[in-house]
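Here, each number is a calculation from the coordinates, and none is a lab measurement. Keep in mind that this is a model prediction, so the values were computed, not measured. With ideal geometry, Cβ positions are generated from the backbone for all residues, glycine too; neighbour counts draw on all protein chains shown.
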Amino acid sequence: MSQVRMFASAALAGALALGLAACGSSGSSVSGASPIKVPKGIQTPQTQAQSGGKHGGTLTVLNQTDFEHIDPGQAYFNIDYEVVHATQRPLYSYKPNTFAAPSPDMASGPGQISADGKTITIQIRHGVHFSPPVNREVTSADVAYAIERGANANVANPYFLSYFSSLVGASKATGGPFPGLTTPDRYTIVLHLTEPRAQIVLDALVLPLSAPVPEEFAKPLDAKKPTEYGNYQVATGPYMLESDGAGKVLGIGYQPGKSATLVRNPNWSASTDSRPAYLDQIDVKIGGDTTVIGRQVLEGSGMVQNEAPAQSIVKLAYEKFRSQLEISPGAGDHYIAVDNKQGPFADINVRKAFWAALDRTALNKARGGALVTNVMTHFIYPEIPGFEAAGGLAGPQVDYNDYPQGNAVLAAKYMKLAGYPSGKYTGSKTLQVVGSTGSPSAEDAEIVNQTLKNLGFQTKFNLVDSSVMYSKYCGVPAEAIDVCPNVAWGADFGDPQAVLDVPFNGKNIVSTANNNWGLVNNPEINKAMDAAESIVGTQARAAAWASIDRKLVAQAVAIPFDWDKQPNIESSNVAGVGDLWDSGEWDYSYTSLK
């Protein structure tokens with residue numbers, strides 16, 4: 001998941017931390033296998049009913065933030081996904097209470113992987129129809145066109161090459177048919193790969209790129225730069241963006257910066273879909289102050305806020321409207337990237353010293369404390385297969401990981417092992433430290449910078465907008481940034497490869513838009529990742545990637561500090577259901593009014 005999607009669910013800070021820093025450790029465990037604990041009286045996706053809701057009514061969603069893309073081929077932002085997944089049906093999707101086991105959605109059953117791991121065969125459902133004005137039944141050719149358009153420069157899908165480059169011909173595709181996708185009949189699609197990476201490709205089919213798109217309707221729109229399919233689109237899900245007779249939604253069902261209106265898809269059949277889709281309509285209102293929005297939701301009727309509320313509102317909800325507060329665990333992470341390639345942090349003992357010295361509880365307190373964070377102790381995060389095998393909440397048992405509040409004596413031991421007899425850095429290097437402006441990122445960056453000074457380093461400390469931090473500094477290896485204290489990552493789907501591969505595999509280092517921020521390029525880890533990519537089966541993959549996670553901790557390739565928990569709020573007459581996946585927002589297709 002790109003860092004842009006991660007930062008959409010802004011973490012909480014300041015006043016919230018003062019009141020709630022100790023809350024998370026005293027509650028009861030949520031149902032199921034989740035390791036995350038929440039205080040009593042707060043909802044989670046694993047305690048919310050997914051059936052038995054009341055049919056009818058209009059839900060009002062108050063969001064400060066506008067969508068980035070409502071085209072399923074372009075969408076890659078958590079707020080976009082909530083609309084796209086209510087209106088579109090990818091081949092597979094997650095039920096609200098799981099991030100580990102996708103269910104067939106547009107597909108009629110599990111994908112079949114060949115013995116050599118190079119072919120995936122999927123049957124799609126009969127009887128699913130596009131909304132007006134297309135109206136006809138969906139076929140396998142519509143799924144193929146949807147994936148093909150991911151290679152169209154006018155669509156500019158952000159993850160096509162990341163997950164589908166192993167399809168035969170994908171690397172040279174430009175938006176038309178390529179050999180890696182074949183449709184032997186109306187209800188079968190076959191994916192042909194150049195290498196045995198079938199499991200990760202199959203896992204990626206929960207992404208909205210696999211939602212069917214009718215070529216006869218979309219191709220003329222895709223010929224424009226950028227595509228206009230997002231402005232004129234059809235749906236396969238229970239809802240559709242309100243449109244005119246030509247399928248135009250721009251200015252009707254979607255008014256940029258103002259609103260979006262989702263209405264029932266008249267061609268949707270409940271017999272083909274597991275989602276209950278209780279609501280008649282969803283009205284999304286865009287803009288406004290987050291504090292004002294939060295109060296409107298908590299004190300009003302028929303409303304939810306579908307992005308992280310203001311810190312003061314979460315505190316208010318916890319203290320006075322607890323039954324209207326939901327916490328979704330497994331919403332992503334934050335860690336500190338350090339340059340493994342050059343400079344002081346090329347020495348593993350310096351990296352371990354920094355880890356040992358850092359007060360990770362202070363960093364998390366700045367983000368809102370235990371109600372909305374857990375101290376991060378390794379890199380696979382809660383709800384992702386492999387989390388428990390890699391160490392669970394406690395993490396791998398190594399001494400520099402054992403002191404979340406920091407241990408100066410232990411840090412000095414590692415600095416001495418690195419060749420600094422005093423226990424502090426005495427070299428001439430001035431560290432380049434680039435963090436992000438805004439709360440709580442700036443507070444976290446200040447704590448990190450002070451910790452470096454305590455270790456004896458001189459620093460050149462710079463705070464910039466988060467997009468600039470990534471695009472100009474931390475994502476550009478030539479800038480040689482020593483420490484990036486505010487990087488974040490979230491999985492696109494519930495597979496541990498989606499958490500570990502891009503940020504820590506040496507083969508993924510690129511000259512620009514680089515997401516391996518620490519330039520981690522360990523031959524042993526790279527080899528283990530390459531081998532794990534071809535493993536098939538959830539349990540086997542979880543075990544392999546958990547072993548890699550432990551290797552990453554053993555090498556102290558970065559300093560983890562925060563596993564996020566997403567807070568959401570609702571009005572008292574809303575029976576909201578949130579998701580574990582996609583940073584944990586409300587799910588419109590399961591939410592109802594009381």
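Under the Karplus relation 6.51 cos²θ - 1.76 cosθ + 1.60, θ = phi - 60°, what is the ordered set of whole-Hz ³J(HN,Hα) values for region 416-421, x standing for Gly and Pro?
5, 5, 7, x, 10, x
Between the helical axis of 523-533 and the dominant principal axis of the chain, each derived from Cα atoms, what acute angle in degrees is found, rounded to the nearest 10?
In the chain, helix 523-533 runs at an angle near 20 degrees to the longest axis.
Just want the ordering: Ser210, Ser511, from fewest to most Cβ atoms lying within 10 Å of their own Cβ.
Ser511, Ser210
Quick one: compute the contact order of region 78-241, relative version, from alpha carbon pairs under 8 angstrom and 6+ residues apart, as a percent.
Relative contact order for region 78-241 comes out at 32 percent.
Report the Cα centroid-to-centroid distance between region 104-132 and region 433-489 in angstrom, as an integer.
44
With +1 assigned to the C-beta of every Lys and Arg and -1 to the C-beta of every Asp and Glu, and no other charges, what is the dipole magnitude of region 330-565 about the Cα centre in debye, to the nearest 20?
Charge dipole of region 330-565: 740 debye, to the nearest 20.
Can you spot the aspartates and glutamates whose alpha carbon is less than 14 Å from Lys416's alpha carbon? Ignore those fewer than 8 places along the same chain.
Answer for Lys416, where 14 Å is the Cα cut-off: Asp347, listed by chain and number.
Could you rank the peptides 215-225, 366-376 by their average count of other C-beta atoms within 10 Å per residue, with the highest value first?
So the peptides 215-225, 366-376, ranked by packing, come out 366-376, 215-225.
Quick one: if you take sqrt(5λ) for each eigenvalue of the C-alpha gyration tensor of region 30-160, what semi-axes come out, biggest first, whole angstrom?
29, 22, 18
In degrees, nearest 10, range 0 to 90: what is the angle between the Cα axis of helix 311-320 and the longest Cα principal axis of the chain?
That works out to roughly 80 degrees.
Rg(Cα) of region 330-565 divided by 2.2 N^0.38 Å?
The value comes to 0.94.
Full extension from Ser428 to Asp399: what is 0.36 nm times the residue separation minus their Cα-Cα distance, to one decimal in nm?
Full-extension gain reported as 7.6 nm.
Pop out the ³J(HN,Hα) list for region 280-294 in order, Karplus 6.51 cos²θ - 1.76 cosθ + 1.60 with θ = phi - 60°, rounded to Hz; leave Gly and Pro as x.
Working through the residues one at a time gives 7, 7, 10, 9, 9, 9, 10, x, x, 7, 5, 5, 5, 4, x Hz.
As a test, work out the antiparallel percent of DSSP beta bridges whose residues both lie in the chain, rounded to the nearest 5.
Counting only bridges with both partners in the chain, antiparallel ones make up about 75 percent.
Here are some pairs, Lys352/Lys527; Lys37/Lys453; Lys285/Lys315; which of them have Cα atoms lying more than 30 Å apart in this structure?
Violating the 30 Å limit, Cα to Cα: Lys37/Lys453.
Give me the distance in nm between label points sitting 7 Å out from Cα along the Cα-to-Cβ direction at Gln112 and Thr437, one decimal.
Each label point lies 7 Å from its Cα, and together they span 5.7 nm.
Using the per-residue mean of other Cβ atoms lying within 10 Å as a proxy for protection, in what order, highest first, do the peptides 118-127, 189-198 fall?
189-198, 118-127
Quick one: which of 416-427, 389-400 comes out on top by average Cβ neighbours within 10 Å, and what's the full order, highest first?
For the peptides 416-427, 389-400, the packing ranking is 389-400, 416-427.
What percentage of all Cα-Cα pairs in region 241-304 are separated by more than 14 Å?
68
Note the full-extension length gain between Ser511 and Lys341 as 0.36 nm times their separation in residues minus their Cα-Cα distance, in nm to one decimal.
Stretched out fully, the Ser511 to Lys341 stretch lengthens by 59.8 nm.
If R0 is 25 Å, what FRET efficiency do you get for Arg322 and Tyr159 from their C-beta distance, rounded to 0.05?
The computed FRET efficiency comes out at 0.10.
On alpha-carbon atoms, Rg over Rh for region 242-386 using Kirkwood Rh?
Reported Rg/Rh, Kirkwood definition of Rh: 1.11.
Please compute the volume of the convex hull spanned by the alpha-carbon atoms of region 508-594 and report it per residue in Å³.
Output value, Cα hull per residue: 167 Å³.
Non-local amide H neighbours of Gly175 (under 5 Å, H modeled in plane, Pro and chain starts lacking H): which ones?
Under 5 Å from the amide H of Gly175 lie the amide H atoms of Ala151, Asn152, each far enough along the sequence or on another chain.
Per-residue ellipticity at 222 nm for the chain, helices alone: DSSP H runs ≥ 4 residues times -39500 (n - 2.57), over residue total, nearest 500 deg cm²/dmol?
Roughly -7000 deg cm²/dmol at 222 nm, from the helical runs in the chain.
For the chain, calculate the relative contact order in percent as a whole number, restricting contacts to Cα pairs under 8 Å that are 6 or more residues apart.
23
Could you state the number of Å between the C-alpha centres of region 241-261 and region 289-345?
29
Per residue, how much space in cubic angstrom lies within the convex hull of the C-alpha atoms of region 78-241?
111
Out of [x] 1.73; [y] 0.95; [z] 1.30, which label holds the value of Cα Rg over 2.2 N^0.38 Å that was computed here?
[y]
Let's see if you can work this out: charge +1 on each Lys and Arg Cβ, -1 on each Asp and Glu Cβ, no other charges. What is the dipole magnitude of region 340-435 about its Cα centre, in debye to the nearest 20?
With Lys and Arg at +1 and Asp and Glu at -1, about 440 debye.
Placing unit charges on C-beta atoms (Lys and Arg positive, Asp and Glu negative, everything else neutral), compute the dipole magnitude of the chain about its Cα centre in debye, rounded to 20.
940
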